[in-house]
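Let me begin by presenting the structure, written as structure tokens, before commenting on it.
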Amino acid sequence: MRPLSRAGGAVAAAVALVLGVGTAAPARTASPGAAGYTVTVGTPVPFTHPTDTPATPYLDRDGTFHYQQSAALYGAGDPRVWDFYTGKDFDSAAFDRSLSEAVDPADPADRNDDTTRRCNTGPTGREATYAPSGSGYAQKNYCDLSGVWVDPDTGDWYGLAHNEFTPQPFGDGLHYDAVDYAVSTDQGRTWTIEDHVITSPYSTERGDTAAFPHETYSYGDGDQRLFVDAASGYFYVYYGSRIVDKRGGWKAFYEHVARAPIAAKMAPGSWRKWYDGAWSEPGTGGRESDIVPVDAGHPTGYTPAGAEYDPANPGTAAEQIAAGTMPPTSPLFVLDIAYDAHLGLYIGTPQAVDQSGGAPQYLYATDDLATQKWRLIGDTGAYTTASWYRWFLDPAGRTGSAVLGRTFRAYCSFGCSHDASGEYVDVTVDPVAPAAPPVDTGRGYRIASGRGRVLAQASGGSAVTSVAPATGSARASWSFTPTGDGAFTVANAATGRLLAVDSARKAGRAWGAKPVVTAPRTGGPAVGQQWFVLPATPEDGTYRLVNRYSGLALGLSATAGRLAETTPVRTWTDRTGGPVGGGRTAAEQTLTLTPATT
């Protein structure tokens, strides 16, 4: 979050009335990128619900679309809310009053529309202390939900809470940061903040001059951005820290990353921070490297351990940076990322180092999250922004932000172009040399799961099923045709009909929805007929077919009633024994694509 005067929560509604977007930007602006990429940007379109976090889009197990935002302002009467929106998709979503104003019946003071008690009684809140008398900080902790994941085993909602706590620790105007995780077992109506997951390697005690003996202190770890990476089976969380001058304000902003196995479901001990080239430090209290773009001066993509901030060094932040005893602000600060199926790369957009509003949005990419080597691939040219809060959206389905195609929406809340409060632009990134497609589009394939089942069109109808391995049947042969933006249609060799889910209703997005084959559509494939071919286990050349409408993966099982279905991406076997997870395995959706004999 921002300083005390920042608008957010309910205040953002008033700010949104003066958006002023699209009045001075060119219709389209193209910028030659670095390393053989071109970036093209469309005209800004208003986003009318900006607040103090990015909007997190996600789908519930019945296919209902939600996005979530939060705000926690500091004054006694200011809003502190976890807000939810719902609708067919991002464009039609409206404020979900019943969810956003839900009250915990066991503790009526704990509410989504007033999280004061929740923040103060959570793990960080219990450790926090109040600001000195007369401070503008009325509470000892302020927490925002930012980043939501729905557990495929139970349907429970998990989220990460950004905490701002122990205000004015050295009599200054700021506070500390930390990240906890929260769980809701009733689809977001009530939440329990469970435990810490990412905390500072330094002290977060009030007035700790033994830990911070000189002119600076570390703000802590926060402003997280969650990315669920099915290819590696990890949650990745990009988060920031800041160095504060005790007699001034924040001066140097650093970016860090931690990861945890998705199967561990955010448990505190599962997180490891990226430090000195390895996932070697615990999420709570561990050391962390400042990640920076790879270039001639930074070949590893992170600051050398010996050059990181050290509170034992004297001098203000500016003096230490000038002396080379601490690094300057990272150009990757507050990085939000997605997988770009058109490029075959992960892409990321950070907050602008130049906060004047006169700098373009920079785009970075990497081919491997395990090594965190982010390279500049381009910028938005004449489209300039300070970009406080950003997120992506795939414009085809308008419900997901994890996987994108050739053209995607890049959203901004606050610090946007021409000082707009909220907007998005369509961004197209094209490589000079296109990436090799994951499949040969001139041949048929047999699609088989790790359980040995094969996808086939059922005889005498539009249903598809999973069958025991067989050869020679055209009904078990499928061809892939690119849509031109990173997705594919998948056609049956016997009938020419396309593998699809129903994209007219939310039932096509529900867990367990059964794919069918449908006729090709004049004018191009429906979003339910489009599939992303994503790496499942890069080391052995397996893939997942992820439907563009639902974000669910094709699964092939031998279990009656669910021979072929679409389910949430999983990298583990359900161990709950309950009806939601149903004993499903990663192998059911880990697919090999073998050239067919017919």
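The values are calculated or read from the model by the stated rules, or taken from the named source; none is laboratory data. Everything numeric here is computed off the predicted structure, so don't read it as measured data. When we count neighbours, we look across all protein chains shown, and the Cβ atoms used for this are built from the backbone with ideal geometry, even at glycine. Ligands, DNA and RNA are excluded from the accessible area calculation, which covers all protein heavy atoms including side chains. Shrake-Rupley method; radii C 1.70, N 1.55, O 1.52, S 1.80 Å.
Here is how the numbers come out for the structure above:
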{"read-out": "Selection within the stretch 513-542 - open to solvent by less than 20 Å² (accessible area, probe 1.4 Å) and either of a type in the set (S, T, Y) or modelled with pLDDT under 95 (or both)", "value": "A536, T542"}
{"read-out": "Condition broken by D107, with the remaining ones in (1) touching a helix residue (DSSP H, G or I) at 6+ places or on another chain (Cβ under 9 Å); (2) buried (at least 18 other Cβ atoms within 10 Å of the Cβ) satisfied", "value": "(2)"}
{"read-out": "So L545, is it buried (at least 22 other Cβ atoms within 10 Å of the Cβ) and either of a type in the set (D, E, K, R) or free of Cβ contacts under 8 Å to residues at least 60 places away in the same chain (or both)", "value": "no"}
{"read-out": "Among the residues listed as F408, F414, the single one being aromatic (F, W, Y) and at positive phi", "value": "F414"}
{"read-out": "Looking only at the stretch 43-63, and only at residues there that are under 20 Å from V403 (Cβ atoms) and part of a loop (DSSP other than H, G, I, E, B), the one that is most open to solvent (accessible area, probe 1.4 Å)", "value": "R61"}
{"read-out": "Residue count for the stretch 401-446, restricted to those that are in a loop (DSSP other than H, G, I, E, B), in contact with a Ser or Thr (Cβ under 9 Å, 6 or more places away or on another chain) and either at pLDDT 95 or above or buried (at least 24 other Cβ atoms within 10 Å of the Cβ) (or both)", "value": "8"}
{"read-out": "Positions within the stretch 449-464 being at pLDDT 95 or above and more than 18 Å from G512 (Cα to Cα), in sequence order", "value": "none"}
{"read-out": "Candidates A307, A252, A264, filtered to the one that is farther than 18 Å from N163 by Cβ, out of contact with any strand residue (DSSP E or B) (no Cβ under 9 Å at 6 or more places or on another chain) and of a type in the set (G, A, S)", "value": "A307"}
{"read-out": "For A278: the one exception among (1) among the hydrophobic types (A, V, I, L, M, F, W, C); (2) without any contact (Cβ under 8 Å) to a residue 12 or more places away in the chain; (3) surrounded by 19 or more Cβ atoms within 10 Å (Cβ to Cβ)", "value": "(3)"}
{"read-out": "Given (1) in contact (Cβ under 8 Å) with a residue 60 or more places away in the chain; (2) crowded, with 16+ Cβ neighbours inside 10 Å, index of the condition T300 fails", "value": "(2)"}
{"read-out": "Where H66 falls short, out of the listed (1) out of contact with any Ser or Thr (no Cβ under 6 Å at 6 or more places or on another chain); (2) closer than 23 Å to A513 by Cα", "value": "(1)"}
{"read-out": "Number of the condition not met by A586 [criteria: (1) under 26 Å from the mean Cα position of the chain (by Cα); (2) at positive phi; (3) crowded, with 17+ Cβ neighbours inside 10 Å]", "value": "(2)"}
{"read-out": "Leading residue by the ranking (most open to solvent (accessible area, probe 1.4 Å)) among those in the stretch 78-103 that are of a type in the set (S, T, Y) and more than 19 Å from S401 (Cβ to Cβ)", "value": "S98"}
{"read-out": "Counted residues, the stretch 373-387 - those being surrounded by fewer than 23 Cβ atoms within 10 Å (Cβ to Cβ) and part of a loop (DSSP other than H, G, I, E, B)", "value": "2"}
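Yes or no, residue by residue, for (1) touching a helix residue (DSSP H, G or I) at 6+ places or on another chain (Cβ under 6 Å); (2) under 18 Å from T185 (Cα atoms); (3) at pLDDT 95 or above:
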{"position": "T51", "(1), (2), (3)": "yes, no, yes"}
{"position": "G87", "(1), (2), (3)": "no, no, yes"}
{"position": "D91", "(1), (2), (3)": "no, no, yes"}
{"position": "S100", "(1), (2), (3)": "no, yes, yes"}
{"position": "Y137", "(1), (2), (3)": "no, no, yes"}
